[in-house]
Amino acid sequence: GKNITISVLIDGNNPFSELANVSLPRLWQDSEDAYDENGEFKTDKLGNQIRPRQTEIEQWQEIALYDTQGLYDEPYFVNLEAGSHSVRIEIVQEAFAISEFTFKNSKSVQSYEEYISQYSEDDYSDTESQIIQAEYTYTKNNSLLYPTYDRNDPYAMPADPCSTVLNTIGQSNWSTQGDEISWKIHVPESGLYRVSFRAKQNYNKGMTSYRILKINGEIPFEEAKNVAFDYHQGWYIQTLGDETPMYLYLEDGDILSLTCTTSGVSKVLRGVQDSLLKLNSVYREIISITSIEPDIYQDYQLDKQIPDLEQRLNDVSEEINEIADTFFKLTGTRGSEAAILDYVADTVKEFADKPYTIPERISTLKSNIESVGSLIQTLGSQPLELDYFILSSPKQDLSIQKKSFLKAIKYYMAQFMNSFAEGYSVIDTEDSNKTVLDVWVSTGRDQFNIVTDLINNYFDSDTTAITLSMVDTGDTLIKASLAGKGPDAAIMMPMDTPVNLAARGALASLSDSDIADIKSQFSSEAFNPFYYDGKLYALPETMIFDVMFYRNDVFEEYGLEVPQTWEDFYKIMEIFQKDNLSV
């Protein structure tokens, strides 16, 4: 289920570091059994639509190698001299088959003016507007791009104040460069159509999310490379071309797709990353002299011990100021992200002018580095949520829905009244011939919904049905069990609850059950908390373990290899601690 990761070597080496870890996406679609006879998503007993299970489409794809971090919005380029070269593909993660690989450059894309000049006035469609519900997709290249919902908007299509209706797609799940969703278009006649999206981007404040629009896998014109969705608190209609609409020639059965891209922000991202690396380097040199907790009364004479300190800090300050100006030109606003850049640039400038103040403000320098680092994550994220999109002719009105204050009041009142009657128990089937298994879940509503989706999508039994109920804590389970009103099984309970119940004779032992397959999925130590008197009374849901991260740049700077034994680790730790670096 994970993306395929490969390393590409040419003549024995990676031409650049990014080619050592290239991601190739899989192709997904909603499972065929997710729809009812009307072509809509199936519902559970309470009338809530069931999120469709994502199934992989096993077919050939032609994929250009690209950067998923968003630092480059174009595919990777490799410089090749004339003559023969050896190409080596190494598997990093998952397995796949290669039919062929090609070295080529993308053909230039025509402008919209050139594109539209191919058609005449007779080619414009004159049919009724066509509404395509965005949640009903054709394919997607990320299994997280499943249908979502917005229950707070009475004008969503469709909308229901009482039940969960899967009426949107995207949100923060659709934010990584390269993530693509496609829809199969059905139109009554071939022709030129205006394309308008009902969209919402309220995740990154003040930011713009970008998408590449393709028809049948091809970008129709240059302007389609950079479809912008601005920040708004609520839903709005975004037309391709904005106030001067651009038209697409569509035929029945065409595939329209939107691909997430960082577009113009990629240049800003590269600048921010470069400044971050430089700040990091300066910070490490400083703490190697002062330590991370310097004596504020000692003069470390940093400007003498690091002769080029002032120049390096001034250079970083100027670079960050330039990045902030570029960011302002792109977004048209000096929002929170630009404010971070301005603040860091000013602070670094102060350090350059007064290096003797750095030791007493070392924590400020560190927090600035952390702020710039988190900014890379924010800028590289391009979230977007779609409700539907409209294909219309030049004469059609885009006001599909007239907003009504009374309609909104009625919707919210129904939603409020339903909150008092909303059920917190779900039965996966009403078949009276099945044995009903009563299961309690001690968790929040979101996790409860996830478990419900798992039952609806994956639990298939001819003899057993599941009643799922949401309770508060393990204390409730203990009291209910002692009173003879407990469930048949419970999940997501506190770790000490099983032994508490087992000691009171309120649990059945699992030691005599055939659970070898389940136990093999975990380390044997994960079962230790659930043994009582030599018998096993519960199964772990998670397995907690410690991991160690290391900094590539620091290891390279010191010319060190990653330790493979504890002895190597202790030797490296000594080297780092001499320069006040910590492990």
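For Glu218, are the conditions met, namely being touching a Phe, Trp or Tyr at 6+ places or on another chain (Cβ under 9 Å), at pLDDT 90 or above and open to solvent by 10 Å² or more (accessible area, probe 1.4 Å)? Explain how you work it out, then say what you get.
Working: touching a Phe, Trp or Tyr at 6+ places or on another chain (Cβ under 9 Å): no; at pLDDT 90 or above: yes; open to solvent by 10 Å² or more (accessible area, probe 1.4 Å): yes.
No: the conditions fail for Glu218.
Does Ile255 qualify as being touching a strand residue (DSSP E or B) at 6+ places or on another chain (Cβ under 7 Å), farther than 18 Å from Glu223 by Cβ, among the β-branched types (Val, Ile, Thr) and open to solvent by 30 Å² or more (accessible area, probe 1.4 Å)?
So Ile255 fits the description; yes.
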Filtering the stretch 1-44 for residues that are of a type in the set (Ser, Thr, Tyr), in contact with a strand residue (DSSP E or B) (Cβ under 8 Å, 6 or more places away or on another chain), open to solvent by 20 Å² or more (accessible area, probe 1.4 Å) and closer than 18 Å to Gln177 by Cβ leaves a count of 1
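Mind listing whichever residues of the stretch 450-468 are part of a helix (DSSP H, G or I), open to solvent by 20 Å² or more (accessible area, probe 1.4 Å) and in contact (Cβ under 8 Å) with a residue 12 or more places away in the chain?
Taking the stretch 450-468 and keeping what is part of a helix (DSSP H, G or I), we get 450-458.
If we keep only those that are open to solvent by 20 Å² or more (accessible area, probe 1.4 Å) too, we end up with 450, 453-458.
Listed by number, the residues that qualify are Asp453, Ile455, Asn456, Asn457, Tyr458.
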Out of the residues in the stretch 96-124 that are assigned to a helix (DSSP H, G or I) and in contact (Cβ under 8 Å) with a residue 12 or more places away in the chain, state the one that is surrounded by the fewest Cβ atoms within 10 Å (Cβ to Cβ).
Glu114
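If I go through the stretch 351-371 residue by residue, how many of them are more than 37 Å from the chain's Cα centre (by Cα) and either under 18 Å from Glu293 (Cβ atoms) or crowded, with 16+ Cβ neighbours inside 10 Å (or both)? Explain how you work it out, then say what you get.
Within the stretch 351-371, the subset more than 37 Å from the chain's Cα centre (by Cα) is 352-360.
Retained after the next criterion (residues that are either under 18 Å from Glu293 (Cβ atoms) or crowded, with 16+ Cβ neighbours inside 10 Å (or both)): 352, 355-360.
Within the stretch 351-371, residues that are more than 37 Å from the chain's Cα centre (by Cα) and either under 18 Å from Glu293 (Cβ atoms) or crowded, with 16+ Cβ neighbours inside 10 Å (or both) number 7.
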Any pair with Cβ under 6 angstrom, 6 or more apart, that starts in the stretch 51-67 at a residue that is closer than 29 Å to Leu454 by Cα and among the polar types (S, T, N, Q) and ends at one that is open to solvent by less than 40 Å² (accessible area, probe 1.4 Å) and in a strand (DSSP E or B)
Gln54/Trp28
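Listed here are the residues, each with its yes/no results for (1) basic (Lys, Arg); (2) out of contact with any Leu (no Cβ under 7 Å at 6 or more places or on another chain).
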| site | (1), (2) |
| --- | --- |
| Thr497 | no, no |
| Ala502 | no, yes |
| Ala516 | no, yes |
| Lys519 | yes, yes |
| Glu525 | no, yes |
| Lys535 | yes, yes |
| Phe549 | no, yes |
| Asn552 | no, yes |
Close pairs from the stretch 507-532: first in contact (Cβ under 8 Å) with a residue 12 or more places away in the chain and closer than 21 Å to Gly486 by Cβ, partner open to solvent by less than 60 Å² (accessible area, probe 1.4 Å) and of a type outside the set (A, V, I, L, M, F, W, C), Cβ under 7 Å, at least 6 apart
Leu507/Pro498; Leu507/Tyr537; Ser509/Tyr537; Leu510/Tyr537; Phe530/Pro498; Phe530/Tyr537
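Which one of these is at pLDDT 85 or above and open to solvent by less than 30 Å² (accessible area, probe 1.4 Å): Pro494, Pro540? If you could, list the steps in order and put the result at the bottom.
On the way: Pro494 fails: open to solvent by less than 30 Å² (accessible area, probe 1.4 Å).
Result: Pro540 is the single residue among Pro494, Pro540 that is at pLDDT 85 or above and open to solvent by less than 30 Å² (accessible area, probe 1.4 Å).
Consider the stretch 527-567. How many of its residues are assigned to a helix (DSSP H, G or I) and closer than 29 Å to Val282 by Cβ?
Pass one, the stretch 527-567, residues assigned to a helix (DSSP H, G or I): 527-530, 552-558, 566-567.
Still in the list and also closer than 29 Å to Val282 by Cβ: 552-558.
Residues flagged as assigned to a helix (DSSP H, G or I) and closer than 29 Å to Val282 by Cβ within the stretch 527-567 amount to 7.
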Go through the stretch 192-239 residue by residue and tally those that are within 28 Å of Thr127 (Cβ to Cβ) and either among the β-branched types (Val, Ile, Thr) or assigned to a loop (DSSP other than H, G, I, E, B) (or both).
12
Odd one out for Ala502 among (1) more than 14 Å from Val441 (Cα to Cα); (2) part of a loop (DSSP other than H, G, I, E, B):
(2)
Would a scan of the stretch 102-115 turn up a residue that is within 21 Å of the chain's Cα centre (by Cα), at pLDDT 95 or above and not β-branched (Val, Ile, Thr)?
no
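The values are calculated or read from the model by the stated rules, or taken from the named source; none is laboratory data. Everything numeric here is computed off the predicted structure, so don't read it as measured data. Neighbour counts run over all protein chains shown; Cβ positions are idealised from the backbone, glycine included. For the accessible areas, the whole protein counts, side chains as well, though only heavy atoms, and no ligand, DNA or RNA atoms are used. Shrake-Rupley method; radii C 1.70, N 1.55, O 1.52, S 1.80 Å.
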